[in-house]
Amino acid sequence: MITGLHHINLRAPGDLLARLRDFYRDVLGLDVGPRPAFNSRGYWLYAGGHPVLHLSEQSPQEPPRGPFDPAAASTFDHTAFAGSDPVATAARLALHGVSFRESRAEATRQHQFFLQDPAGNGVEINFPFEG
């Protein structure tokens, strides 16, 4: 039985891995941590002590698979994270020159930021609704 999501694996060319790691660490505030017990290469990123994202190297022979790749059988549109402070997050994004689109829907009580990582993958940040 499935009890929850362990992590998302994001594959990218090797020359992008360090940029993605820096983006998710420096801009979004995830922690870079040790790999879990199973054998894997790349970077593991944690939120609240739990693995949420694994960045792994895409083989040069492997065809690209991304949000806009028509050859992919299916793709993720974006990865959604839970945020705690929209004001501090907006300031952090601005400090790093990251543009985002903000959405506040009072009817559904949702406050969200939408942006892209350096590889063009969609990122959504959801905040507790205030006001």
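Key figures
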{"quantity": "So P118, is it over 22 Å from L55 (Cβ atoms) and touching a residue at least 24 places away in the same chain (Cβ under 8 Å)", "calculated": "no"}
{"quantity": "Residues that are assigned to a loop (DSSP other than H, G, I, E, B), surrounded by 11 or more Cβ atoms within 10 Å (Cβ to Cβ) and either touching a residue at least 60 places away in the same chain (Cβ under 8 Å) or of a type in the set (D, E, K, R) (or both), drawn from the stretch 81-109", "calculated": "D85, H96, V98, R109"}
{"quantity": "Residue satisfying condition, being touching a Lys or Arg at 6+ places or on another chain (Cβ under 9 Å) and either more than 23 Å from N9 (Cβ to Cβ) or at pLDDT 80 or above (or both), within set G120, G29, G33, G83", "calculated": "G29"}
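The values are calculated or read from the model by the stated rules, or taken from the named source; none is laboratory data. Remember, predicted model here, so these are calculated numbers, not experimental data. No Cβ is skipped: glycine too gets one built from the backbone with ideal geometry, and neighbour counts run over all protein chains shown.
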